[in-house]
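Okay, structure first, notes after.
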Amino acid sequence: MTRVLVESGHEAIAVDLPGDDETAGLSRYVELVVDAIGSRPDVVLVAGSLGGFTAPLVCERVPIRELVLVNAMIPVPGETARDWWSHTGAVEAQEDAAQAGGYGPFTVDAYFMHDVDPEVAAEGEAYQPSEADIVFDCVCDFSAWPAIPIRVLAGNEDRFFPVGFQRRIARDRLGVEADVLPGGHLLPLAQPRLVAEYLLLTSR
């Protein structure tokens, strides 16, 4: 995905968040993203999964031209990631989709890796530490989602956040219709070119 963006004349920066650090939380995540952005103008911020809790806090710190949420948690002001699950009905949506799809209870392979190329999955194993508990109890203390273009991108084969669930949350919490591409929860890994082409549409 990064290669496609760079070949199209864009700078692509992936921020490595310290998810396994029990002393780090949302405030540290935000600092790292803000530092990575620096003084760059016309930034398109892309956030996936739990990164949806970092995104609105970053938007309150630095100018962002567009925000793209990819299979992301969409919080409301003052919410924690731990409470988000019960507030949104995410667990029930996940269980209903699993029953309908016949793929059973949660495992990393079944829910995250089912559509990722095995070679890509193997390369990424060393970069998938367990998420520390601290971040799930951090309050997402923002006033409101920014008045900038916001897009929600969902994978139609996402087993972790089923596409119907994502569409509902995008409508309820952002008032936008989610765009859908083929692929699962790790959409940028499973469909890097499609995701890059989608991001390029927001950069024109």
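Bear in mind that the values in this text are calculations on the coordinates, not laboratory data. Since we're looking at a predicted model, the values are computed, not measured. Note that we place each Cβ from the backbone using ideal geometry, even for glycine, and neighbour counts take in every protein chain shown.
Backbone phi angles across the range 40-50, fed through the Karplus curve with coefficients 6.51, -1.76 and 1.60 (θ = phi - 60°), yield HN-Hα couplings of 5, x, 6, 7, 9, 8, 10, 10, x, 6, 4 Hz in residue order; Gly and Pro are listed as x.
Largest GNM mean-square fluctuation across P162, P118, P192, computed for the chain with C-alpha springs under 10 Å, falls on P118.
Can you give me the relative contact order of the chain as a percent, contacts being Cα pairs under 8 Å and 6 or more apart? Don't jump to the answer; show the numbers that get you there.
Values: 305 pairs, mean separation 55.0, N = 204.
RCO, the chain: 27 percent.
Close amide H partners of T80, meaning residues 5 or more places away or on another chain with modelled amide H under 5 Å apart, are C140. Shown in residue order for the range 111-117 are the 3J(HN,Hα) couplings computed by the Karplus curve 6.51 cos²θ - 1.76 cosθ + 1.60 at θ = phi - 60°: 9, 10, 9, 4, 10, 8, 3 Hz (x for Gly and Pro). As a proxy for reagent exposure, S27, S49 were ordered by neighbouring Cβ count within 10 angstrom, fewest first; the result is S27, S49. Here the residues T107, T80, ranked from fewest to most Cβ neighbours within 10 Å of their Cβ, fall in the order T107, T80. The chymotrypsin sites (Phe, Trp or Tyr not before Pro) of the range 155-202 include none that meets both conditions, a loop assignment by DSSP and at most 14 other Cβ atoms within 10 Å of the site Cβ.
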